[in-house]
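Asks: Below are the structure tokens for one structure; questions will follow.
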Amino acid sequence: MNLSGYDNTLAVKPDTATRSDSGRSALTVGVQDLACSRGDKVLFSRINFAVTAGQLLLIEGANGSGKTSLLRTLCGFILPDEGAVLWRGSDIRACMDDYLAEMHYVGHNNGIKPGLTCSENLKMASAFAASPDTQDYAAVLHQFGLGQYIHTPAQMLSSGQRRRLALARLSVSQSNIWILDEPFTSLDEKGKTLIKAQFRRQLAAGGIIIVTSHEPIGLDDTHPVIVRL
């Protein structure tokens, strides 16, 4: 594992990146001596990194290198063979409910309900995240280029539009931590531009984004941490 441009043990942005907001002032996600295997194959081992408020972590690697397994381990969906995932300095296994309440994951599957309209999908996502039910779902859909599909069932959308809807759930969840597996899949250039704009808003608000992508994310000015498996 190679941590590009940073010390091979730890990568943390300066404290000036944190917000004065006490809810995010100590926001960190990291791993310590993390190892994971699939069957007899070791996917990765002795991984160490940390990211903090306002920072993006990009995970790169060939197919089969363990990118998705690393993301799922960061989410707490699978347990590592060795090491720990740390949130605000604590092992997530000791505070899983609180950690999951602050994190939102979007994987290869969009996780939307095809029989519900776009606005209903967002309302459901908001309810699951225990977010306030006073959000302007129409405005959120407009931000993601879906303003004219507010009352359209998700099953009527194109694959790219369904991906946008899945990512729009990030906004209504109001989660501090976004963990995303290939978020640009099925998106056209306009869709990618819209999603990158949302990335910038999340980072500017002091959130964390952890993402895998086979293509350049084009946010070099945000100085992302890069982990290569």
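The values are calculated or read from the model by the stated rules, or taken from the named source; none is laboratory data. Owing to the predicted nature of the structure, the values given are computational and were not obtained by experimental measurement. Cβ atoms come from the backbone with ideal geometry, glycine included; neighbour counts cover every protein chain shown.
Asks: May I ask you to verify whether T134 is of a type in the set (S, T, N, Q) and farther than 24 Å from F77 by Cβ?
Replies: For T134, the condition - of a type in the set (S, T, N, Q) and farther than 24 Å from F77 by Cβ - is met.
Asks: Also, quick follow-up: Of everything in segment 204-228, what is touching a Lys or Arg at 6+ places or on another chain (Cβ under 6 Å) and part of a strand (DSSP E or B)? Give them in sequence order.
Replies: Hit for segment 204-228 is T212, nothing else.
Asks: Next question. Filter segment 109-128 down to residues that are among the hydrophobic types (A, V, I, L, M, F, W, C), assigned to a loop (DSSP other than H, G, I, E, B) and surrounded by fewer than 17 Cβ atoms within 10 Å (Cβ to Cβ), then give me how many there are.
Replies: Adding up the residues that qualify gives 1.
Asks: Are there any pairs with C-beta distances below 8 angstrom linking a residue in segment 215-229 that is under 18 Å from T193 (Cβ atoms) and modelled with pLDDT of 90 or more to a residue that is assigned to a helix (DSSP H, G or I) and among the hydroxyl-bearing types (S, T, Y), with the two at least 6 apart or on different chains, and if so which?
Replies: Pairs found: none.
Asks: A further question on this structure: Cβ-Cβ below 6 Å, separation at least six or inter-chain, first residue in segment 188-203 and farther than 13 Å from A168 by Cα, second at pLDDT 95 or above and part of a helix (DSSP H, G or I): which pairs?
Replies: D188/G160
Asks: Checking the condition of a type in the set (K, R) and out of contact with any Gly (no Cβ under 9 Å at 6 or more places or on another chain), which residue from R169, R200 passes?
Replies: R200
Asks: Could you say which residue among S175, S171 is in contact with an Asp or Glu (Cβ under 8 Å, 6 or more places away or on another chain), among the polar types (S, T, N, Q) and surrounded by 17 or more Cβ atoms within 10 Å (Cβ to Cβ)?
Replies: S175
Asks: Within segment 129-155, track down each residue that is touching a strand residue (DSSP E or B) at 6+ places or on another chain (Cβ under 9 Å) and in a helix (DSSP H, G or I).
Replies: Y149, A154
Asks: Of the residues T193, T185, only one is within 15 Å of I112 (Cβ to Cβ) and surrounded by fewer than 20 Cβ atoms within 10 Å (Cβ to Cβ); which?
Replies: Selected residue: T185, the only one of T193, T185 that is within 15 Å of I112 (Cβ to Cβ) and surrounded by fewer than 20 Cβ atoms within 10 Å (Cβ to Cβ).
Asks: Scan the strands (runs of 3 or more DSSP E) fully inside segment 1-92 and keep the ones with 1 or more residues being modelled with pLDDT under 95 and more than 22 Å from P224 (Cα to Cα).
Replies: Of the strands (runs of 3 or more DSSP E) lying wholly inside segment 1-92, those with at least 1 residues that are modelled with pLDDT under 95 and more than 22 Å from P224 (Cα to Cα) span 28-38, 41-52.
Asks: Okay, moving on. Which residue pairs have Cβ atoms under 8 Å apart, sit 6 or more places apart or on different chains, and have a first residue in segment 126-144 that is farther than 19 Å from I177 by Cα and free of Cβ contacts under 8 Å to residues at least 24 places away in the same chain and a second that is surrounded by 11 or more Cβ atoms within 10 Å (Cβ to Cβ) and charged (D, E, K, R)?
Replies: D133/K123
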